[in-house]
Structures are given as structure tokens and as C-alpha cells.
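Student: Attaching a single structure in C-alpha cells format; questions to follow.
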Amino acid sequence: MAKITFITTDNESIELEATSGSVMQLAVDNDVPGIDGDCGGVCSCATCHVHVKPEHMEKTGEASEIENDMLELDDHVNEYSRLCCQLEVSEALDGLVLQVAESD
């Protein structure tokens, strides 16, 4: 079981729990504003862009080359950017806090 907190662009805190699946699917299933997952989780749209809280970066690890390529297309990317479709729910993510990225 992992508890994952999403902070929306309106600074609303949404704490969710899951045992499996992608973090993006968890957000979509629970209507987290700003997480659309238009591509269904195949890392081809960046509509699930989040910023990992700096102190939690070790929980998520590094983005893949494909993920970084997709993030380069987003104006709101920073060193803490991840696509949450590329984050699989696991106990290692318990306590993770993600800021939903601004979208254009």
C-alpha cells in the first residue's frame, strides 16, 4: 500500500492510496485536476506532468530517456519533473508528494 499526495495547481491537497498500477491511473481514476493521461499511459503526451517534491526524488528515481524527450516539449519542465504514467505504485512510493504541473 502506498499513500500518494497530489497538490493541485489550486494548492488543493489530495491524498490517495493504492497497491498497484501507475500513479497516473490512480490520479485519473480519482479525478485529480490537471492529470489527464490522454495517451493512456504510454509516455506520449505529457498530460500527466508532475513535479516531485525535492526530498522525494530518491523514491521515484531517474526519468528514462523517452520520458525526458517527452518532457522537453513542456514549457513547465524543471529538474523535478516526471510523467506520473511512468511511476508504478509500490511501497517504495509511500508518502510521495507530487505537485501537478501547470498546463497551457
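The values are calculated or read from the model by the stated rules, or taken from the named source; none is laboratory data. Here the structure is a predicted model, which means the values were calculated and not measured. Cβ coordinates were reconstructed from backbone atoms using ideal geometry, including for glycine residues, and neighbour counts include every protein chain displayed.
Student: Out of everything in segment 64-93 that is charged (D, E, K, R) and closer than 20 Å to V28 by Cβ, what residue ends up being modelled with the lowest pLDDT?
Tutor: Ranking the candidates gives D74 first.
Student: Among the residues of segment 1-38, which ones are farther than 20 Å from D74 by Cα, of a type outside the set (S, T, N, Q) and in contact with a strand residue (DSSP E or B) (Cβ under 7 Å, 6 or more places away or on another chain)?
Tutor: Matches in segment 1-38: M1, A2, K3, I4, I14, E15, L16, E17, A18, L26.
Student: Which one of these does V28 not meet: (1) in contact with a Gly (Cβ under 9 Å, 6 or more places away or on another chain); (2) part of a loop (DSSP other than H, G, I, E, B)?
Tutor: Tallying (1) in contact with a Gly (Cβ under 9 Å, 6 or more places away or on another chain); (2) part of a loop (DSSP other than H, G, I, E, B), V28 fails exactly one: (2).
Student: Sticking with this one: Look through segment 1-12, keep the residues that are under 14 Å from the mean Cα position of the chain (by Cα) and farther than 13 Å from L93 by Cα, and return whichever of them is surrounded by the fewest Cβ atoms within 10 Å (Cβ to Cβ).
Tutor: My answer is T9.
Student: Identify, please: which residue in segment 83-98 is under 8 Å from the mean Cα position of the chain (by Cα) and under 18 Å from P33 (Cβ atoms) and is, among those, surrounded by the most Cβ atoms within 10 Å (Cβ to Cβ)?
Tutor: Filtering segment 83-98 for residues that are under 8 Å from the mean Cα position of the chain (by Cα) and under 18 Å from P33 (Cβ atoms), the one surrounded by the most Cβ atoms within 10 Å (Cβ to Cβ) comes out as L83.
Student: Kindly indicate the residue of segment 45-71 that is closer than 15 Å to A101 by Cβ and β-branched (V, I, T) and also surrounded by the fewest Cβ atoms within 10 Å (Cβ to Cβ) among those meeting that condition.
Tutor: Once the filter is applied, the top-ranked residue is T47.
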